[in-house]
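Structure record follows, encoded as structure tokens.
Derivation of every value follows stated rules applied to the coordinates shown; laboratory data play no part. Keep in mind the model is a prediction, meaning the values are calculated, not measured. When we count neighbours, we look across all protein chains shown, and the Cβ atoms used for this are built from the backbone with ideal geometry, even at glycine.
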Amino acid sequence: MAILHVKEIRKMKDEELDKKLLDLKKELMKARAKIAQGAAPDKPGRIKEIRKTIARILTIKRERGVSK
């Protein structure tokens, strides 16, 4: 899954944002679970990218006035 930039996120509809947010949260949960098990992550920088993308989506949703 590619990282989304602000311009791309702003073009998306609210339903698309919700789906993308859910997908990213699942991916983050899987990556953290893998680390908790003691395994090395495939791409260590990916967790940071996911977290930043989630923050971008939530920020834009708040700007639009859409709760959660």
Exactly one condition in (1) assigned to a loop (DSSP other than H, G, I, E, B); (2) aliphatic (A, V, I, L, M); (3) over 16 Å from R64 (Cβ atoms) is not met by L24; state its number.
(1)
Between residues in the stretch 14-28 that are among the basic types (K, R) and residues that are in a helix (DSSP H, G or I) and surrounded by 15 or more Cβ atoms within 10 Å (Cβ to Cβ), which pairs lie under 9 Å by C-beta distance while being six or more apart or on different chains?
K20/I9; K20/T53; K20/I57; K25/I50; K25/I54
Identify the residue in the stretch 23-54 that is out of contact with any Lys or Arg (no Cβ under 8 Å at 6 or more places or on another chain) and of a type in the set (V, I, T) and, among all such residues, is surrounded by the fewest Cβ atoms within 10 Å (Cβ to Cβ).
I35
Limited to the stretch 1-24, what total is found for residues that are in contact with a helix residue (DSSP H, G or I) (Cβ under 7 Å, 6 or more places away or on another chain), of a type in the set (D, E, K, R) and closer than 22 Å to G45 by Cβ?
1
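Out of everything in the stretch 27-60 that is assigned to a helix (DSSP H, G or I), of a type outside the set (V, I, T) and more than 13 Å from the chain's Cα centre (by Cα), what residue ends up being farthest from I3 (Cα to Cα)?
Keep residues of the stretch 27-60 that are assigned to a helix (DSSP H, G or I), which gives 27-36, 46-60.
Cutting the leftovers down to of a type outside the set (V, I, T) gives us 27-34, 36, 46, 48-49, 51-52, 55-56, 58.
Now restrict to residues that are more than 13 Å from the chain's Cα centre (by Cα): 32-34, 36.
On the way: R32: 18, A33: 21, K34: 20, A36: 24 Å.
Step by step, filter the stretch 27-60, then rank; the result is A36.
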Would you please list the contacts, defined by Cβ atoms under 8 Å and residues six or more apart or on different chains, that run from a residue in the stretch 40-65 that is within 16 Å of K30 (Cβ to Cβ) and in contact (Cβ under 8 Å) with a residue 40 or more places away in the chain to a residue that is of a type in the set (F, W, Y) and loosely packed, with under 12 Cβ neighbours inside 10 Å?
none
Looking at the stretch 11-22, which of its residues are more than 14 Å from R51 (Cβ to Cβ) and either exposed (fewer than 13 other Cβ atoms within 10 Å of the Cβ) or among the aliphatic types (A, V, I, L, M) (or both)?
K11, M12, K13, D14, E15, E16, L17, K19, L22
